[in-house]
């Protein structure tokens, strides 16, 4: 049923009858009722109140716990329960009493990550249901920690589907207490929780999330950034003191060996340890939080330790006359804000064992502030601003339907092309050339490969919640610009996750694929195959041309000269780029320019390579920058219509800016792998189908790699000696 059918059914007054049907014990009605309620709640969330009032939530918990139902149907039940607890305290309390947390964790534990038949949609909604269940609900968070929830969820951060990894990051992030909502009265056992154990659990959660902070999917990195923001808010005071020492290290400081915060202006300064080696597993080191009374009188009711002032290890308070003349440092692009407390956590003492972890956390946020994805970068800057660090932005920039445009940040603009829920899955069907509208389960036996297959999906940057119709504030994500106004509540200071609302779009559309859609897709694919075969035949029978015969010529009009060029195989189109990463597209037969745009607006510019992804289909333009960042563009041949599909850093730890070497990449269509290296000791192998690093090949040399070519089964590498 679509929204129209559900709305019509509810308007004729059948809702009370559908509600009463949940009391039936007939097994043949279970699947139909779950499907009907999935469509009802996808259209009208307010029905959650009536569902809880009549105890209907227990019906779906029993269905979710039933192993004889199909995984897709149990995923629907998990969706219904996620809506029931979404922002609904009575729903959260009722589901906790019905043991929903343990039911979800049990089925996550039963899921075998190495089993290709595991339904990713079920894993995704089990994580989203848990995240919504303990979101801003301290009692539920404590139960989740005591049930060893983080240790069960952390392995899902390595799942091949980015949607599952993002949902797992969301569930882990909501376990972090931001210290805003105090524990309710009358809930025994919550006040006597071991505060040190809870802080240790949160630090372990962050440690696990930092291992995927360089994930290939912006969807995952965005959820990690939101979780880091929650941690920054909850541990505000301690992080501020660490940041002050980090910015201005003293003698014998634990942080003196770390790079300056000014290095976030240099995107080549990354931590190579963020990458996960192939075959490795993420160790959570998270144990259950034990109940027990604590004789530590400094323990607060918000689960943290309180003190009177944020003092650094040198005894100089951030913002005091002794710390600096003005406490503002703008010459390096950094601002240490001398702001008042957010009303959250104070610490009475330095915790030496935690200082290194807090420092790694700050460095990870600095790296995220320079992320090639505009949304993730803004989330990283937002997390830094929570602890009093802000980047000084020299020029405003905004992303619209036409890519990157520079101009006055005060000029009103609407992101109409990016508003609304674009899709329920981050999978981008590159063979069909359009966004996939259904969550597809990997088949039991993979289909036979043909020459058109290769990269099947790329995580899109176009995911946006429903409410993104506000005026553009100059930030890539309007959500971030909406919460900085004066008088806003402390809760609104935190950036909000979008994975839940974005995933709900899957159930808002018809779930049964129509025959017309399949026929249209097959017809389009057959037409592309016919054109490709025809052009291949023409190439084989064409007359041999001498290298001296000029086919065409054009003036790129680049002031700094052309740095890279790319010829499309079956179209008279050429793409060129200069050192400033200005991209220009021409039709050389007609000698007409087609499009021109900037790859990004960062001050650190330099082109490395242009590649064509899916050259036999609706192709994407891969633009690799000299710092290792790669960006994928669609509609790049249409003037003003280019769109950034995804972006990530392919080479972290690259120090090319300091040594004058560029990161190098190469793309192999047949395998869907991207090879990347540079001034590092290994060659990184990215699976763009999974949007994940899958291998790291040692280069067997301490010298930099200056060229990289992948041809068939050979990998050719040129090393600078």
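Computed from the coordinates by the stated procedures, all read-outs in this text should not be read as laboratory data. Computed from a predicted model, the values in this text were never measured in an experiment. For neighbour counting, all protein chains shown are included, and Cβ atoms are generated from backbone atoms with ideal geometry for every residue, glycine included.
Could you sort 567-575, 609-617 so that the peptide with the highest average Cβ count within 10 Å comes first and the rest follow in order?
609-617, 567-575
Taking a ≥ b ≥ c as the square roots of the eigenvalues of the Cα gyration tensor, the range 516-618 is classed as oblate, since a/c reaches at least 1.5 and a/b does not exceed b/c. Peptides 674-682, 217-225 ranked from most to least packed, by the mean per-residue count of other Cβ atoms within 10 Å: 217-225, 674-682.
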